[in-house]
């Protein structure tokens, strides 16, 4: 198992790692690996890997959208932003075969059932598939995850920790992630739950993202946005950067450029129409933004998809 993971890491990094995408894998102990994938390119990215039958798979989509493919692509399952998927099938291998849309971030935790049992040995009754009667059964779950989980995922993906202690740091974050994932107590008070303040802030930042995307043709100023969501301007800037890896307007620009590519690829709109639909006052402003993002003009891009 270890050899397979290491060989994937080397091959994938050679082919896919650049300033617009990255794949990193960290072994944090016997039988536990963390995969961190960011696709910041303007095109889909594919990731595949064989996983042993005795491994649990936790997949978290922090940003964007992706499709997991099974049975040689005959069946696909979408995983959307702020959602997680848990897979376990002791009778059949479930290799990872996933296509990440542009601007998509994925964190995956792969842990052997033996290692997992060791973590939760005294709490088996709290987790359905850990009970003895379910030990040989397959298990699947898909659900939205909480704001506190989003914070931990962002820390795992964007940690700037020295290599000498990175594995230790990520190991601690994975334990925190699994603890939050299986915490089913919804009645915690403020004193009992130290993440509540963070969760409230994250909810507000998510609301900010929704607002700028809904009003992308005429977005509010940062000051107005901060007032609308009930955060200080400083917390809005810092929180948005931490959660989404970019400034508010840079994130919005990336979204607008992705929408531009979709509209141009559909061949239903010309360059001027796309610029107007995205809120650009002149075609020249749209063309300049598009060229800065992709290194080519919308007209040349349109020509490439229509040829």
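The values are calculated or read from the model by the stated rules, or taken from the named source; none is laboratory data. Values in this document were obtained by computation on a predicted structure and should not be read as measured data. Here the Cβ positions follow ideal geometry from the backbone for every residue, glycine too, while neighbour counts run over all protein chains shown.
In table form, for the structure just shown:
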| item | result |
| --- | --- |
| In segment 102-150, residue nearest to residue 179 (Cα to Cα) [restricted to those that are under 15 Å from the mean Cα position of the chain (by Cα) and modelled with pLDDT under 80] | 148 |
| So residue 273, is it more than 17 Å from residue 199 (Cα to Cα) and more than 24 Å from the chain's Cα centre (by Cα) | yes |
| Verdict on residue 264 being under 28 Å from the mean Cα position of the chain (by Cα), surrounded by 15 or more Cβ atoms within 10 Å (Cβ to Cβ) and not in a helix (DSSP H, G or I) | no |
| Test: residue 199 is more than 25 Å from residue 297 (Cβ to Cβ), under 18 Å from the mean Cα position of the chain (by Cα) and either in a helix (DSSP H, G or I) or at pLDDT below 85 (or both) | yes |
| Failed item in (1) closer than 21 Å to residue 104 by Cα; (2) surrounded by fewer than 17 Cβ atoms within 10 Å (Cβ to Cβ); (3) in contact with a helix residue (DSSP H, G or I) (Cβ under 7 Å, 6 or more places away or on another chain), with residue 259 passing the rest | (3) |
| Filter pass, residue 77 being assigned by TED's automatic domain parsing to the domain that holds residue 33, surrounded by fewer than 17 Cβ atoms within 10 Å (Cβ to Cβ) and either at pLDDT 85 or above or part of a strand (DSSP E or B) (or both) | yes |
| Residue tally, condition part of a helix (DSSP H, G or I), touching a helix residue (DSSP H, G or I) at 6+ places or on another chain (Cβ under 8 Å) and exposed (fewer than 14 other Cβ atoms within 10 Å of the Cβ), over segment 274-288 | 1 |
| Hits in segment 210-257 (condition: at pLDDT 90 or above and not in a helix (DSSP H, G or I)) | 215, 216, 217, 218, 219, 220, 221, 230, 231, 232, 247 |
| Residue list for segment 28-74, restricted to those being in contact with a helix residue (DSSP H, G or I) (Cβ under 8 Å, 6 or more places away or on another chain) and surrounded by fewer than 18 Cβ atoms within 10 Å (Cβ to Cβ) | 29, 30, 42, 50, 54 |
